[in-house]
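Let me begin by presenting the structure, written as structure tokens, before commenting on it.
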Amino acid sequence: MKKTIRDMDVRGRCVIVRCDFNVPQDERGEITDDSRILASIPTIRYLMDEGARILLMSHLGRPKGEADMKFSLLPVAKRLSSLLGEDVLFHSTPSVVDDRVRDMAAGMKPGQVLLLENVRFRKEETKNEPSFSKELAELADIYVNDAFGSAHRAHCSTTGIAEYLPGVSGFLMEKELKFLGDTLENPKRPFLAIMGGAKVSDKIPVIENLLSKVDSLIIGGGMAYTFLKGQGYEIGKSLLEEDMIEMTASLLKKAKEKGVTLLLPLDVLTAAGFSNDEKGVPYDIDRIPPDRMALDVGEKSMRLFREEITKAATIVWNGPMGVFEMSNFAGGTRAVAEALADSEGITVIGGGDSAAAIRQFGLAEKMTHISTGGGASLEFLEGKVLPGVAVLQDLN
Ligand code: ADP
Ligand code: MG
């Protein structure tokens, strides 16, 4: 367990918080989705109420270590001001920290908030160079990491700064660690993992880690076809990673040794090519024609997966069951999402596309937890210690 802001006396002290304000913007720079800003509010509000002086920092996009104003955090400062109903101080400077920023930080009253410019304006940031970490640390007394989505990167603002300041987690980080961490370490059983997405090669470390924790594992999505090919099925033009066939066979063997029930699709929905032009023709997996491509799982698979989901007390899901971006091939992913929504168990979602699919179906509110960190949640599921988490102080 990591310490949180609740475990620190922050009154009158300067607290620097790493947030994830990496929001999507349109061509005019308008923020198109402010959910990441909204997600940071509980931590900021708590620090305001406790009388801390609050510095916020984040990256936005990939400015490549230069002050490219396209990536300025000014729009975020404005949106945050209106969401908080309080002025948020902001000073745009290519160096992120300068004398003006130092003066502003030193002059803040308890409860005041100052947002720093995009930390990736400095080339040191992504190289985790101590010089910039020190500049940031010298502004404050306490470091708070609330950017779970960036915690798998060892950068100045996520990791380096904790060399010079005591580091604790914010509420968003706490929630991620609780749901992803506790779920993996102390799951209520039966524990089911559902894996999908495009490539097996992306997900092997996740599958390997989960195999030693779960009671059953569903494999769907594009990656299922390499597994099926390895089992001797003809998969037509479906997604195949030749060089992963052996690996899938050894994962199946490992599942057997560990007593993990492993479920693969029984049937599929196919198209002539990678397109939404046709409704899709269903085939059992031993009948896939050589000129067809499986873009989703079929009805029998959905039934099988739904039954397994109903039995489970804990479910972790990563990766869509089919090409959900195409309306004709979203059915399998929707069926799994709906079964999770109906489940009385704990449901945790990791992965950017899986989270997007659930939002698209309007089922986000029905899940126990949807991780805000795509890449970070995957590394967590791989069993890796994230550098931005490792630097935070342990409770006792
Ligand atoms: P996540 O972001 O949740 O970790 P991934 O990035 O691994 O998920 O995979 C998502 C992608 O997998 C989606 O864009 C989806 O279209 C693709 N996908 C799923 N099933 C198939 C399939 N049968 N053939 C090709 N692509 C697929
Ligand atoms: Mg993805």
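The values are calculated or read from the model by the stated rules, or taken from the named source; none is laboratory data. Remember, it's a predicted structure, so these values are computed and weren't measured experimentally. Positions of Cβ are generated from backbone atoms using ideal geometry, with glycine treated the same way; all protein chains shown enter the neighbour counts. Ligands, DNA and RNA are stripped out before the accessible areas are found, and what is left, the full protein with its side chains, is counted by its heavy atoms. Shrake-Rupley method; radii C 1.70, N 1.55, O 1.52, S 1.80 Å.
Details
- The calculated FRET efficiency for the pair Arg102 and Gln360, based on their C-beta separation and a Förster distance of 30 Å, comes to about 0.10.
- Net length gained if the chain between Arg45 and Lys258 were fully extended (0.36 nm per residue, minus Cα distance): 72.0 nm
- Size descriptor, Kirkwood hydrodynamic radius, that averages inverse alpha-carbon separations across the chain, Å: 22.4 Å
- For region 38-56 and region 306-357, distance of Cα centres in Å: 34 Å
- Percent antiparallel among DSSP beta bridges (both partners in the chain, rounded to 5): 20 percent
- Probing with 1.4 Å while keeping every protein chain in the model, the per residue accessible area of region 5-171 equals 42 Å².
- In terms of distances greater than 19 angstrom between alpha carbons, the cross-link table entries Lys188/Lys213; Lys178/Lys384; Lys3/Lys78; Lys178/Lys258; Lys2/Lys178 yield Lys3/Lys78; Lys178/Lys258.
- On Cα atoms only, tilt of 74-84 relative to the major axis of the chain in degrees: 90 degrees
- Each label point was placed 7 Å from the Cα along the Cα-to-Cβ direction; for Glu86 and Asp7 their separation is 2.5 nm.
- Its residues counted as N, region 233-379 yields a C-alpha radius of gyration over 2.2 N^0.38 Å of 1.07.
- In degrees, nearest ten, helix 200-211 long axis to first principal axis of the chain (Cα): 90 degrees
- Overall form of region 5-171 per C-alpha gyration tensor (a/c, 1.5; a/b vs b/c): rounded
- Separation of alpha-carbon centers, region 139-159 and region 382-396, rounded to whole Å: 11 Å
- Ellipticity at 222 nm from helices only: DSSP H runs of n ≥ 4 in the chain, each -39500 (n - 2.57), divided by the residue count, give -9500 deg cm²/dmol.
- Computed over region 178-382, relative contact order equals 23 percent, with contacts defined as Cα pairs under 8 Å that lie 6+ residues apart.
- Residue-span extension gain [Glu242 to Glu129] - 0.36 nm each, minus C-alpha spacing: 36.6 nm
- The angle between the Cα long axis of helix 245-258 and the longest principal axis of the Cα atoms of the chain comes to about 90 degrees, rounded to the nearest 10.
- The chain, relative contact order in percent, only Cα pairs under 8 angstrom and at least six apart counted: 16 percent
- Straightening the chain between Glu185 and Asp284 buys 32.0 nm, computed as 0.36 nm per residue apart minus the Cα-Cα spacing.
- Overall, the anisotropy analysis places region 188-297 in the prolate class: the square-rooted eigenvalues a ≥ b ≥ c of its C-alpha gyration tensor yield a/c not less than 1.5, with a/b exceeding b/c.
- Residue ranges 260-272, 59-71 sort as 260-272, 59-71 when ordered by packing (mean number of other C-beta atoms within 10 Å per residue, highest first).
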